Every structure is written in C-alpha cells, then in structure tokens.
Amino acid sequence: MRNWKARLRKHEKNLLILAVAAVLTGVLLNINFRWLEAPLYDLRVARQSGSRADQDIVLVTLDDTSTRALDEFQPLTLDYHALFLEALEKLEPRAVGYLVNFNQVSQANPDYFQGTWATRFVQAAQRLGAQGTPVLLGTPFDVTGEVLPPYPLSSLPHALALIHKDGNVFGEDKVTRRALLTLEDKPAFHLRLAQDLGLANPGWLPRGAYTVPQIEGTYFLFSYHHDTALRAEPSPARLGGYPRMTFHEILKGNLPAKSLRGKIVLVSTLSKDNSGDWSITPFSKEAFSNPKLAVHANILDSLIHQEGVLRAPPALNAAITFGAALFVLWWVLNSSPLTGLFATLALVAGFLSVSGLLFRTHGIWVRESQPLIAIFLGYYLAVPYRLIREYKKRWDYQRKNQLLTQVEELKSNFLSLVTHDLKTPVARIQGLAEVLLRKASDRLVERDKETIQHIIGSTEELNRFISSILELNKVESKRIQLNVESRDINQLIERSVESFKASARAKKIQLEVALEPLFPVRMDSSLMSKVINNLIDNALKYSPSGSQVRIESRELNDDTGEWIEVAVTDQGIGMTPEELDGLFTRFYRAKNDATSSVAGTGLGLYLTRYFVELHQGRVEVTSERGKGSSFRIRLPLRGAEPGHPALSPEHAGASRLPGLRSNLLKLVSPELIAKMRPSRRDG
C-alpha cells in the first residue's frame, strides 16, 4: 500500500495532465463550435489548389444582355425557349441541364403552354434524347415539396435542383457548402444528370456522401475548383472558370455547327436584379457576387470526378483533440514559460498546416475548431496552475532562505566563538606540554616522553584545524582583504621549504628546489605563504618514504597572458579522475585505504584555490593513481590589485550547510580530541 502511494505521488503531475486532457476533450466534443469551424472551412476552400474546372461543362446564361437584345423581360416566354432548344440540336451537346424556372415562364404568358410552343419544346427535348443527348429540367422546391413545371413540360425528365444553404445547420450563415444528392430516395438534379449521362449507376453515391435521416435525404460536401474565381462582374467568355455563352448568341445561330459537341450544357438565368440567381459561397458572402449557375457547375463537376470532401471520422477528431490538449499541458508544465509558448504556437501552426495539406491534396476535412480550442484552453489552464505552483515554490524557497540565513548567521557566530575559545586552551596545553618535556626530560622514561610528544603533535594539528576554520569563516563572511606588497615569491618558497625540511627528513623524503630568478610580484605574502605551505604539506603527507618532492618556479607566457607559475610535484599515491572532481570542495576527503591514516581537515585545497583566485590567478592539478600529483598555481605577472573581493560563485556554490554542521558537531565533541584519526586526504 505504501509503495502504491509512493508511485502515485511520483507520477502525480503526469496523471493530472492526463485527467485534465481527458476532461477537456470530453467537454469540447459535446460542444458544436460552428461559429469557428465554418469560417475555418471556408478559408481552406477559398485557398485550396484543387483540380481545374472541367472545360466540358459549358454555362449558358439568360442574362441582361440577352433580354436587351431580344427586347424582352426575364425569364422570357416559352417560344424563345423552344427556339433555343431547337437551335441546340444543331450544336450536338452531350447533355442539357435546363435550370430555368418554367413556372415563372408560365406567369409571363400561360397560353404558350397550351399551344404549339409547348409541343415544339417537348419535341425538341425528345429529339435530343433520341440522339443520345439527355435533357433534364431542374425544378424548384417550396414548403409543399418539389414544384413541377407546367404541363406538358412536366412529362419531360426533371429533378429537384436545390442549392442548399447552411441556414439551420453548421455555419447557419446561408453559405453553400454542400449539395443535395437524394431526397426520399429520388436523385436530385446533379445526380440524375450524371445517371442520364451514364456516369453513375442507380444507387451509386459519390465520395463523402452522408445521410440525414430526419429528412430522408443524402448530401455531400462538394469541391469548389481552384480557378472558380466567382466575382460580381462575370467575364463574357467565362463564368467561375467554366466556358460561358449567352442565350441570345445560341438563339441567333451565331455559333458554328457542332461547336458544343461533347459538352454538358447548363442553362439558367443570370440577372443583376434577381437575388435568386445568386448564392453565397466560401469565396464571398456579399450579395450578387456568386452566380448560382457556377455553383451548379461545381456540384456537377465534383460529382462526376469524385471530388467530394471526405469528413474525418469522429474518433480521429477526438484523438487529435486529446493529443493537442495533452501536448500543450505537458509542455507548459514541464518546460520554461518561453519554451511552452513557442511549443504551443508551433503546435497550432503544425496542426493547421497538416490539416490544410490533407484538405488540399486528399480532400479530407479534419475539424479544426475543437483541437484549436483545446490547445488554447490547455495553455490558459496550465499557465495559472503553473504560476500557483511557482508561487508556492517561491514562498517555500523564501522561507527556507530565511531559515538558512538564520542558520548561516548562527553558524558564523558559533564558529567564531568556538574557535576563539578553543585556541587559548589548546595553546595552553601545548605550552604546558613543551615546558614539561623540557624541564622534566631527565626524569621521564622514553615512553612518557613519546606520550608528551604525541600531546604536542595533536595540539599542533588541532591548532591548524582551528586556524583553517577561522580562515573559512573569514572567507564566507567576506572579511578577507588583500594586503598587497611587492615580494619575491622565491623567498616565500625558500622559507616554506626550510620549515618542512625536518618533516621531510623524518619521512626520508627528498625536497628538490628549482627556482628561476623572478621579478617581485604584487601579492599578499601572508596568504601566498599559506598556499605554498599547504601544497608542500600535502605533498609530504601523501608521498612514501624514499620518494622526492620537487618545487619549481618560473615565468610563463601563453595565449592567456603572462604568469608566475609555482609547481609542487610529488611521487605519492595520486588520485583518480573521480577524486579530482571534488578536490577543491570544502570538507572533501578522498575515500580510500591509502588516505585513512593521514590527518586532514578537508579545507586546505579549498582555501588554497580561494586565495589564489583572490590574486586573479588559478590552480591546476594533474594526477595519476599510484604515480603522484602535480599542483600548479599561476599568478598574473602584473600582480594583484588590493580590494575586498566577493566570494566567487564556485566557492559560494560549494557550501553544504548540513555537512558543515555535522563537521562542526564533530569538532567540539570530546571524541575528536581524544581520537583524532582523520581517514581522508586533505583536499
């Protein structure tokens, strides 16, 4: 049970992201964002680069030019239509789709439908049909259903020629985006004409067709072709990318014989004063800007060439919406604010690009509104949540920082008090031991003398440790100032070597000195003496008996500048690359058997590096396990500048308060004084 809770806490944020993405997806899928989806769909349609308009579909317009030439009014009387149909016989079209409302023609002169003109019209249509040219009349629709043309024209093939407008579905903006295929199992005008041409079998439906059970009808989203630039002032020769002719020029017989052979002719009125001749399309929502006849041509063109728009299944829409929400939530909550913003914008751009590409190249319509809203809602839900979390973290960090500041202050006070209070008794112990050894030496046995020598050595070691702690306290409180003076560093080296000769002889280690003549350098001689002493002391500690420690100085010029270099090289135990990584960290001691018997505080090299960097210098070390180490310090030849340098980031970042507190507790414990056996190398 406990492990289960631990795993749950570990993946709490990821589970929260999944839950929010799932809830967001479920909510969005139950909302119809038609107000956004419809404009996005229209934008894709207007910018698509689909197939070109079929040039075998010819549009014949009964427009204002024709009525002025005939000195008549639209839609003309039946005699003109009969003569027009007879003229078409000579041009041998492949099919004729007559989209003129003959009920309006009957209103102009109903007597013509009872006389010879009606007979001539029907006979002309029948002759064309006998020649293999089907003639199909398009009929309007009202509240009672299909409105048939007056008899005897109703005996001719006819079908409902309804231009659908999204009045109560989808965009609810009267835009024509879909076409009626069947109504009550009867084919509409465009499907019936394709069947009469032999291009579609009975019962066949084009790509993208879907059924609306409420009206027992079938629709499909047709394609507007890329050169269908519908405009308010149609060209005399073209209409929406399709070839155009006028009713009058065919009626007058001005065209060459058989000029329409193999063409599908669509005939309709086109008047600037009749709103019924115009439609609203994705290209333009302005009135009198999109001829309805061109829309009929696009529907027939899409149906014949199988260019209907295929709607992506709902499952895919749900998956895309969920994936978009999940992606945004994860990025915003797991990256920087700027990265999260760029990732969100990149996702929007990528999704729109891919969905647009699918629409243009494959005619697949992926709904964009719900994924886009999921992206933006996910972003605006995640950002406040992240801000709350960041604010909580910042508050926690602020409280921790206050506590750490208090602990740091207590630590500094503790260090100062303890080290100063320890220094006096330690010095007294050392002094008394030395007096005892000097005055009572002739009365003491050799074992007692060795015990007093151990006491003196332990007090010296403890005194060095206290001095290191005091130096560390000065470093952290930024109370160290450089007392710069011009000194010959070789003199400092010689003095240090002299002080370590006794220790070197005791361990049978040879100290070899190779010093080049150098000019005086501006430096703090006290701090640099501590640096040199620490390097030589370390070399002696970790070198075996009979080995050599070499101390060198020289002037060095390289790409980084002019330097004074001091090198201390030993033939000791050396270090591994892993040990070198933490070498200059405070209280760091390498863990191995070779260093277990060597005393040290873990502060020497930390302070060495800090003192050298105060002089604008640097410390370098090379070492190989079992072969020895070489420490090199470089000081700028121009010398250091006096001042009060701040604690460097490297040293500031090395502070480990828990570890320091542990070491301080050990410092004041009786066990440390009684059993001073450091087991790690002085780093």
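The values are calculated or read from the model by the stated rules, or taken from the named source; none is laboratory data. Note that this is a predicted model, so its numbers are computed, not measured. Cβ sites come from the backbone with ideal geometry, for glycine too, and all protein chains shown count toward neighbours.
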Do you know which residues across segment 266-312 are under 26 Å from Thr67 (Cβ atoms), hydroxyl-bearing (Ser, Thr, Tyr) and either in a helix (DSSP H, G or I) or under 50 Å from the mean Cα position of the chain (by Cα) (or both)? Ser275, Ser279, Thr281, Ser284, Ser289
Hey, Arg495 hits all of (1) under 26 Å from Gln481 (Cα atoms); (2) in contact (Cβ under 8 Å) with a residue 40 or more places away in the chain but one; which does it fall short on? (2)
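For segment 297-323, which residues satisfy the criterion of being closer than 17 Å to Gly97 by Cβ and either touching a His at 6+ places or on another chain (Cβ under 7 Å) or of a type in the set (Lys, Arg) (or both)? Please lay out each step first, then the result.
First, pick out the residues of segment 297-323 that are closer than 17 Å to Gly97 by Cβ: 297-305.
Answer for segment 297-323, where residues must be closer than 17 Å to Gly97 by Cβ and either touching a His at 6+ places or on another chain (Cβ under 7 Å) or of a type in the set (Lys, Arg) (or both): Asn298, Ile299, Leu300, Asp301, Leu303.
Which one of Leu24, Leu62, Leu76 is part of a helix (DSSP H, G or I) and either over 30 Å from Arg367 (Cα atoms) or not aromatic (Phe, Trp, Tyr) (or both)?
Among Leu24, Leu62, Leu76, only Leu24 is part of a helix (DSSP H, G or I) and either over 30 Å from Arg367 (Cα atoms) or not aromatic (Phe, Trp, Tyr) (or both).
For segment 146-255, list the strands (runs of 3 or more DSSP E) that sit wholly inside it and hold at least 2 residues that are within 52 Å of the chain's Cα centre (by Cα) and within 19 Å of Asn101 (Cβ to Cβ); which are they? Outline the logic, then answer.
Details: elements: 158-160, 178-183, 209-212, 217-221, 242-246.
Of the strands (runs of 3 or more DSSP E) lying wholly inside segment 146-255, those with at least 2 residues that are within 52 Å of the chain's Cα centre (by Cα) and within 19 Å of Asn101 (Cβ to Cβ) span 178-183.
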Being surrounded by fewer than 20 Cβ atoms within 10 Å (Cβ to Cβ) and assigned to a strand (DSSP E or B) is the filter here; which residues of segment 531-552 pass it? Gln548, Arg550, Glu552
What pairs come up if the first residue lies in segment 500-511 and is of a type in the set (Lys, Arg), the second is at pLDDT below 90 and part of a helix (DSSP H, G or I), and their beta carbons are under 7 Å apart, counting only those six or more places apart or on different chains? Lys507/Leu540
For segment 517-533, indicate whether the set of residues that are over 30 Å from Leu404 (Cβ atoms) and modelled with pLDDT under 85 is non-empty. yes
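Given the condition modelled with pLDDT of 90 or more, under 26 Å from Leu221 (Cβ atoms) and either under 56 Å from the mean Cα position of the chain (by Cα) or not hydrophobic (A, V, I, L, M, F, W, C) (or both), answer yes or no: does some residue in segment 258-265 qualify? Explain how you work it out, then say what you get.
Taking segment 258-265 and keeping what is modelled with pLDDT of 90 or more, we get 260-265.
In the following step, the residues that additionally are under 26 Å from Leu221 (Cβ atoms) were identified as 264-265.
Remaining after also requiring either under 56 Å from the mean Cα position of the chain (by Cα) or not hydrophobic (A, V, I, L, M, F, W, C) (or both): 264-265.
Within segment 258-265 (the criterion being modelled with pLDDT of 90 or more, under 26 Å from Leu221 (Cβ atoms) and either under 56 Å from the mean Cα position of the chain (by Cα) or not hydrophobic (A, V, I, L, M, F, W, C) (or both)), the answer is yes, since at least one residue qualifies.
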Which condition breaks for Asp54 when tested against (1) surrounded by fewer than 16 Cβ atoms within 10 Å (Cβ to Cβ); (2) under 30 Å from Gly356 (Cβ atoms)? (1)
So is His190 surrounded by 20 or more Cβ atoms within 10 Å (Cβ to Cβ) and without any contact (Cβ under 8 Å) to a residue 24 or more places away in the chain or not? no
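Restricting segment 494-526 to residues that are aliphatic (A, V, I, L, M) and in contact with an Asp or Glu (Cβ under 9 Å, 6 or more places away or on another chain), which is nearest to Gly604 (Cα to Cα)?
We begin by selecting, within segment 494-526, every residue aliphatic (A, V, I, L, M); these are 497, 502, 504, 506, 509, 511, 513-515, 518, 521, 523.
When the remaining residues are screened for being in contact with an Asp or Glu (Cβ under 9 Å, 6 or more places away or on another chain), the result is 509, 513-515, 518, 521, 523.
Values: Ile509: 21, Val513: 22, Ala514: 24, Leu515: 24, Leu518: 27, Val521: 23, Met523: 19 Å.
So, considering only residues that are aliphatic (A, V, I, L, M) and in contact with an Asp or Glu (Cβ under 9 Å, 6 or more places away or on another chain), the one nearest to Gly604 (Cα to Cα) is Met523.
Return the only residue of Leu197, Leu156 being assigned by TED's automatic domain parsing to the domain that holds Ser223, hydrophobic (A, V, I, L, M, F, W, C) and at pLDDT 95 or above.
Numbers: Leu197 fails: at pLDDT 95 or above.
Unique residue meeting the criteria: Leu156.
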